[in-house]
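What follows is a single structure, written as structure tokens, with notes after it.
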Amino acid sequence: MIRSRFKTSVAAAAISVTALGLGAGASGAAASPATQGTRATARVASGSTVELRATRLGKILVNSQGRTLYLFKKDPRGRSTCTGACAKFWPPLRASGKPTAGRGVSASKLATIKRSDGKPQVTYNGHPLYTFQQDTRAGQTNGQGLTAFGASWFTLSPAGSQISGHAAGVAAARHHTGKFVFRSSIAPSEPTDPTLNGVAAGGAPWVIDRGEVTIRNDGRLRLEVRGLIIPELGTAGPVNTVSASIACANESPAEQTQTVALSQSGDATIKAHLNLPSTCLGPRVFVNPNGIAGAYIALSGWRP
């Protein structure tokens, strides 16, 4: 993610530890819920052609750029309930005209509905279609099986039914599934992010140049962030150390690493060994400021 630096102003310099949301966490109070996904403004999914693509989940529906399409279990048939922040993380598949069916896709199942903004959205077999902001390349299925904004998200089969399997190494982490059991980009937080797994976002917006976390099948974790800063300050401000914590499904974080130094330019590398459960569904890794388990300034993959 490219981020702009701003000169420090008197007002910006006045951001305090309390404003960052660190004071409450330091007192041991449980944080309220947060989100996942990149903080850049989401682009509306483009292209009105629906195609098929072979993946580890089997043949799934994709848009004209090969990006995976999802259904939202909260949507009643023929109507979208994903608006506002939800639509930023799960951009609806738009159509400028009649949607086109690619090879293997049933044209009779394709249609459009009118969203709350008055603009059309493509549906398939009655399901409004969405992409996922954390799918950054064609064929990725990082949103598969995730629960966010009140319900689960699934890929679709050529018949227009949900595919209930999990994408290997993303939605489920098992000690026997290979070299890497989890690999994800790291996204920065904003104060408006909801709480996840009892961990709350800090009170200031953060930006990041790049970040990644990997967990191997022997429990080794490596988390690296570069350029994780508060843009108004141009530095990491009062945060001078970070730790990482991992949560499974909707549970509170089960493990937290030791703290490591975070440079004022926002660079840090965490290496640790985790004692993971044999199965960890929907793993989520938080970057905790100054080792405070109840707060995060960045996290893996996506947020609801």
Subset tally (residues that are in a loop (DSSP other than H, G, I, E, B), buried (at least 22 other Cβ atoms within 10 Å of the Cβ) and of a type outside the set (A, V, I, L, M)) for the range 196-221 | 3
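Okay, residues lined up against (1) at pLDDT 95 or above; (2) over 28 Å from residue 85 (Cα atoms); (3) charged (D, E, K, R):
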site	(1), (2), (3)
232	no, no, yes
253	no, no, no
260	yes, yes, no
282	no, no, no
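Yes/no per residue for (1) buried (at least 18 other Cβ atoms within 10 Å of the Cβ); (2) among the basic types (Lys, Arg); (3) assigned to a loop (DSSP other than H, G, I, E, B); (4) out of contact with any helix residue (DSSP H, G or I) (no Cβ under 9 Å at 6 or more places or on another chain):
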{"site": "77", "(1), (2), (3), (4)": "no, yes, yes, yes"}
{"site": "93", "(1), (2), (3), (4)": "yes, no, no, yes"}
{"site": "96", "(1), (2), (3), (4)": "no, no, yes, yes"}
{"site": "104", "(1), (2), (3), (4)": "no, no, yes, yes"}
{"site": "108", "(1), (2), (3), (4)": "no, no, no, yes"}
{"site": "112", "(1), (2), (3), (4)": "yes, no, no, yes"}
{"site": "122", "(1), (2), (3), (4)": "yes, no, no, yes"}
When the residues of the range 262-279 are filtered to those that are part of a strand (DSSP E or B) and out of contact with any Asp or Glu (no Cβ under 9 Å at 6 or more places or on another chain), which remaining residue is nearest to residue 231 (Cα to Cα)?
-> 271
Look at residue 26 and say whether it is at pLDDT below 80 and crowded, with 19+ Cβ neighbours inside 10 Å.
-> no
Could you tell me whether any residue of the range 230-251 is assigned to a strand (DSSP E or B), in contact with a helix residue (DSSP H, G or I) (Cβ under 9 Å, 6 or more places away or on another chain) and surrounded by 17 or more Cβ atoms within 10 Å (Cβ to Cβ)?
-> yes
Selection from the range 240-270 of residues aliphatic (A, V, I, L, M) and touching a Leu at 6+ places or on another chain (Cβ under 6 Å) yields 242, 244, 249, 268, 270
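The values are calculated or read from the model by the stated rules, or taken from the named source; none is laboratory data. Owing to the predicted nature of the structure, the values given are computational and were not obtained by experimental measurement. No Cβ is skipped: glycine too gets one built from the backbone with ideal geometry, and neighbour counts run over all protein chains shown.
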